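Worksheet: the structure to be examined is printed underneath.
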Amino acid sequence: KYFQEVWNIIDFAAVIASVMDMLNVTGGSALRLIRMLRVLRPLRMINRRPELKLVVEALLLSVPSVVNVGIVCAIFLLLFGIFGVTFLKGTFY
């Protein structure tokens, strides 16, 4: 029953990778990949805490708006860069 949930399988693989790391077992790229899965362990808290899930969902829903603001900022930076190169070339040296 423990291995029926995906999070438990990830935890088991991360624990095995940690034990192999402590024993200095060389496993190549597969062991490195399992070690990287240790980063996913804190994500289990999102499913357990509804408040945290609400915050993460709000952050994910705000990503498109943040991207739009970044695009507008990049356009302004591009316009002022073009202005500076065109009208101020050679002025400061």
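Mind checking the log10 I(q)/I(0) for the chain at q = 0.24 Å⁻¹? Debye, one equal scatterer per Cα, no solvent, two decimals.
Listed by q, the Debye log ratios stand at -1.12.
With all protein chains present, how much of the accessible area of the chain (probe radius 1.4 Å) comes from carbon and sulfur, to the nearest whole percent?
Roughly 73 percent of what the probe reaches on the chain is carbon or sulfur.
Select from segment 39-92 those trypsin sites (Lys or Arg not before Pro) which occupy a DSSP coil region and have at most 10 other Cβ atoms within 10 Å, ordered by residue number.
Sites meeting the loop and neighbour criteria: K89.
If each residue of separation counts as 0.36 nm, what is the full-extension length gain between L52 and L37 once their alpha-carbon separation is subtracted?
Result for the pair: 3.3 nm of gain on full extension.
Calculate for the chain the 222 nm mean residue ellipticity that helices alone would give, adding -39,500 (n - 2.57) per DSSP H run of length 4 or more and normalising by residue count, nearest 500 deg cm²/dmol.
-24500 deg cm²/dmol
With a 1.4 Å probe and all protein chains left in place, how much accessible area per residue does the chain have, in Å²?
Each residue of the chain exposes 86 Å² on average to a 1.4 Å probe.
The values are calculated or read from the model by the stated rules, or taken from the named source; none is laboratory data. Given the structure is predicted, the values throughout are model-derived calculations rather than measurements. Cβ: placed from backbone, ideal geometry, glycine included. Neighbour counts: every protein chain shown. For the accessible areas, the whole protein counts, side chains as well, though only heavy atoms, and no ligand, DNA or RNA atoms are used. Shrake-Rupley method; radii C 1.70, N 1.55, O 1.52, S 1.80 Å.
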